[in-house]
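**Q** Before we start, here is the structure in question, set down as structure tokens.
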């Protein structure tokens, strides 16, 4: 028997213990509970002793508790048995039990501890563990890097079985992409107790590569020493590949812009700082210095002096009013080379404010130089064509002048011959003939003069289509006669148009001359000129006996330098000039495909807002 | 015997003044503004000398000269700048011409013709 003092110590221990101590019988009733029970569960001692223990249990735990009781009754100890008790407030607490049965009394002596908080932490860890195992590529290694555990995902992505992996190191899946120093650095970090994360390229069993984003975590034991490592990885192969594709696309874009000689630029409105693409540096021949961005004033100075105000104004207007621009300008590179470039710019808004101006810059030097040369050549050719046309005209007009000149000369000789015998009437008649011949020459010379004065400033005046055609016929009559061509005309009397009469006359002369040339080999030679009208246009049709122009040639005959004539017979500029002149007048020239003969049709707009005559 | 001369030109006034200036006892002149009657006349009358203008109403001077079968001396008259002379002509006279020169030409040419043949 213990002494009273001893008994008092045991009672104290029982009553003050934070652990829950109890004695229960095998029928499932508490016989004695210490105060801890009432404190933890909220029930009074009487309440706890008066009801069967099972009444306090979570319904799901009743069976296993009954089994555990049976185990105890058979004389076995119960260690770390867990079940849940209902608190008086109706929530459940998890207890961990250690107990044994006293063979003599048949009573169960048990100690319980409330482990609700630990269970929560444990559950959280378990869920995390499960999530990692399910969703990541998971592996554990020992301190030497030998794999001790892998999940299915690891096997699936690497193509190796668990058996192949466990016992091996990660060298098995080394892609040889990373240098040895890369892994040395990883080891240095994790062996010093830090977490490493980064992307690693690995090789599958079949040789293919895969990329993983990895987190390598050192795990510590109870002595704060690293016991092993775990690796959590995510497959980022698709992401890496798409990034690779994106970089590739960027590279292609860069190559394309380099090939097209197009650079890009952007200017921050607030700072005037310019950002240029590589190609822009290349086009402007500016040395690219890392970390140094050109500023707007420097950028503007890259243009030749005469162009600087133009670009400056355009940029200013883009900044102030958001106006876009596209300009062909000459840049002067830092090396002093003059280069034609095309530069565009547009404003970019952010929250309603112009924040940046961006655009392109394109090297158009070759094209521009070619264009300038072409225009010069074209101008020269047009001049040549005019001279040629004038030469041709002069030749045929010469006859028209020489005939009346012959009459003048002849009658003057007659007057000299008969200076004494001639009657006054005779003199009058002869001098009248001379004067008439002079008038004939004057008329032709006037027409010629007008025709040749095509370089003067364009003056549009009201002219009658009928008169224009008549004048053109005067100039071509000689040639028509030489070639014995029958020319028929049908006019509208009242047919006024607004035009540069010299130019339109030139057009008609050109078309008649073309028709004459086309008829040279034909037995039946005729040209018909017909003027008709619609409500909007006067239509001048010039038809000759030749067959219609094949449709495949119709597109090109209005192009400069296209000619169906033999070398030396035509410059090929005639119809292109004709079209150019008519375009300038808002008139259209076409070929009438419904006509079996060659028929050029000009639609000339009537004068708008004419004074109404009704 | 007067020299028989024919002038074919579609310009009526030229024909008239030709006639007025050259018609004389020494020169028997016939003028035609239409080539058809001109050819017919020449083929029938075998003139010594025929002046033919290049540009006529329906034909050109070369064709007219070839249509005339007589062995008359044929001279091309033209106001053109660049008409090539066919071999059937012995000479080409450019317009405007002087009637005095024509007169001299007639007498000289016919004399030249008559000299070797006589």
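Nothing in this text is a laboratory measurement; each read-out follows from the coordinates by a stated rule. This structure is a prediction, so every number in the text was calculated from the model and none was measured. Counting neighbours? That spans all protein chains shown, and the Cβs are built from the backbone with ideal geometry, glycine included.
**Q** Can you compute the FRET efficiency between residue A:595 and residue A:372 using 1/(1 + (r/R0)^6), with r the Cβ-Cβ distance and R0 = 35 Å? Round to the nearest 0.05.
**A** Given R0 = 35 Å and the Cβ-Cβ separation, E is 0.30.
**Q** For a quick check, take a GNM of chain B with Cα springs below 10 Å and name the residue from B:52, B:77, B:102 with the largest mean-square fluctuation.
**A** B:102
**Q** Which one of B:105, B:89, B:18 has the biggest mean-square fluctuation once chain B is modelled by GNM with Cα springs under 10 Å?
**A** So, out of B:105, B:89, B:18, the one fluctuating most is B:105.
**Q** Could you put A:411, A:349 in order, starting from the residue whose Cβ has the fewest other Cβ atoms within 10 Å?
**A** Placing the least packed residue first, the sequence is A:349, A:411.
**Q** Pick from B:101, B:48, B:91: which is most flexible by mean-square fluctuation in a GNM of chain B where alpha carbon atoms under 10 Å apart are linked?
**A** Of B:101, B:48, B:91, the most mobile in the Gaussian network model is B:101.
**Q** Once the Cα atoms of helix A:574-584 and of chain A are each reduced to a long axis, what angle between those two axes, in degrees from 0 to 90 to the nearest 10, is obtained?
**A** Between the helix axis and the principal axis of chain A, the angle is about 70 degrees.
**Q** Would you mind computing, in nm to one decimal, how far apart the modelled labels at residue A:584 and residue B:69 are, each placed 7 Å from Cα along Cα→Cβ?
**A** 5.9
**Q** Could you tell me the distance between the Cα centroids of segment B:57-99 and segment A:55-128, to the nearest Å?
**A** 144
**Q** Normalised by the residues of segment A:174-316, what does the relative contact order come to in percent, with Cα pairs under 8 Å and at least six apart?
**A** Relative CO of segment A:174-316 lands at 12 percent.
**Q** Nearest 10 degrees is fine. How inclined is helix A:424-452 to the longest principal axis of chain A, computing both from alpha carbons?
**A** Here the helix axis deviates by roughly 10 degrees.
**Q** Which of rounded, prolate, oblate describes segment B:2-71, given a ≥ b ≥ c as roots of the alpha-carbon gyration tensor eigenvalues and a/c under 1.5 marking rounded, otherwise prolate only if a/b is larger than b/c?
**A** Taking the square roots of the gyration eigenvalues as a ≥ b ≥ c, segment B:2-71 is oblate.
**Q** What angle do you read, to the nearest 10 degrees and between 0 and 90, between the alpha-carbon axis of helix A:365-417 and the longest principal axis of chain A?
**A** 10
**Q** Normalised by the residues of chain A, what does the relative contact order come to in percent, with Cα pairs under 8 Å and at least six apart?
**A** Averaging sequence separation for qualifying contacts and normalising by length gives 5 percent for chain A.
**Q** Quickly estimate the mean residue ellipticity at 222 nm for chain B, helices only: each DSSP H run with n ≥ 4 gives -39500 (n - 2.57), and the total goes over all residues, rounded to 500. If you can, show how the numbers build up before the last one.
**A** Details: 4 runs with 48 residues, N = 118.
For chain B, the value works out to -12500 deg cm²/dmol.
**Q** Follow-up question, since we're still on this one. How long is the gain from residue A:553 to residue A:58 if the chain were fully straight, where each residue apart is worth 0.36 nm and the alpha carbon distance is subtracted?
**A** Details: separation 495, 0.36 × 495 = 178.20 nm, distance 10.00 nm.
Working it through step by step, the gained length comes to 168.2 nm.
**Q** For segment B:57-118, rounded, prolate or oblate, judged on the Cα gyration tensor with a ≥ b ≥ c (square roots of eigenvalues), a/c < 1.5 rounded, else prolate if a/b > b/c?
**A** Judged from the Cα gyration tensor, segment B:57-118 comes out oblate (a/c at least 1.5, b/c at or above a/b).
**Q** Could you sort A:137-144, A:159-166, B:8-15 so that the peptide with the highest average Cβ count within 10 Å comes first and the rest follow in order? Please list the in-between numbers first.
**A** On the way: A:137-144: 17.1, A:159-166: 14.8, B:8-15: 20.6.
By packing density, highest mean first, the sequence is B:8-15, A:137-144, A:159-166.
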